[in-house]
Amino acid sequence: MQLNKGKKTLSFDKHKIKAILIDSGTVLNAPVTGEWFISPNFFSYVDKKNYNSISASQKRQAFIKAGEYISDQNLIINEKEEYKHFVEYYRIFSKYMPQLQLHNKQIQAIAKDLVYNYYKYSFYKDVFKFIPELSKKYKLAVVSDAWPSLETVFRKANLMEYFSSFVISSVKGVTKPNELMYKTALEELKISAEEAIFIDDSIKNCDGAIELGISSFVLCRDWRIYIYNKVTHRDYNIIRNLKDVRKLLN
């Protein structure tokens, strides 16, 4: 399989494709609150008016500092560990947002809501139509930079049964584009790189798959991002949704 001239994607024979490796966040689902680290019941423990009065720059700094901590935790293998680390995440968040006056019980409650609320993400409508349909012909794998609770999220949404491999970065101890993420899925599905396609909203992550010989597609659900990438990244295959995935395989 050769790289197309002028293209940072791999040509592929659709008749040889046996599996689809697919990202989760912003590809299959999104946070119900619109923010990944604002849990569904966040404002049950945080005064919303007080929170909204804080400057955007201060909020950004709080999320960045807390994010630095969670990003440094390379190995989180179960929900109990996930909860422990997110308690620390929100402690750091609280430190940089003293106006919120969050106490330990509130911090623990927010962390619990983020980890154990399995309805924290909403799945796009086309997921429920096309994932079952695609699973009839192809082996499917989730390859996501996420934490252990994501698996239960899929199970509660009655989607887990369609995936033969579920690769979570915190469990593997690395994030995309580390080759271990893709290779784990290929090994679990018992297929070669040439027999798979990879779908992600990140060009960097798609590049990681391409390096291994996996044909890749950048999925942009936001039409503005889609247009931007179509114009500025013409050497990539840019798609809008799972319907486009079915079209390219049919």
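The values are calculated or read from the model by the stated rules, or taken from the named source; none is laboratory data. Model, not experiment: these values are computed from the prediction. Neighbour counts run over all protein chains shown; Cβ positions are idealised from the backbone, glycine included. Note: areas computed on protein heavy atoms with side chains; ligands, DNA, RNA excluded. Shrake-Rupley method; radii C 1.70, N 1.55, O 1.52, S 1.80 Å.
Full extension of the chain between Lys136 and Arg221 yields a length gain of 28.2 nm, computed as 0.36 nm times the residue separation minus the alpha carbon distance. Ligands, DNA and RNA left out, the 1.4 Å accessible surface of the stretch 106-186 is 50% carbon and sulfur atoms. For the stretch 146-184, backbone nitrogen atoms closer than 15 Å to the point 7 Å from Phe123 Cα along Cα-to-C-beta are found at 150-166. Rounded to the nearest 20, the size of the Cβ-charge dipole of the chain about its Cα centre is 700 debye, with Lys and Arg at +1 and Asp and Glu at -1. Approximating the spin labels as points 7 Å out from Cα along Cα→Cβ, the Asn52-to-Glu68 distance works out to 3.1 nm. At a probe radius of 1.4 angstrom, the accessible area of the stretch 98-250 per residue rounds to 48 square angstrom. Net length available on complete extension from Asn104 to Lys59 is 14.3 nm, with 0.36 nm assigned per residue and the Cα-Cα distance removed.
Here the stretch 55-181 is assigned +1 on the Cβ of each Lys and Arg and -1 on the Cβ of each Asp and Glu. Its dipole about the Cα centre then comes out at about 300 debye.
Computed over protein heavy atoms with a 1.4 angstrom probe, the accessible surface ordering of Asp113, Asp72, Asp244, largest first, is Asp72, Asp244, Asp113. Taking each residue as 0.36 nm, the span from Arg246 to Lys156 lengthens on full extension beyond its C-alpha to C-alpha distance by 29.9 nm. Measuring with a 1.4 angstrom probe and ignoring ligands and nucleic acids, His103 comes out at about 120 Å² accessible.
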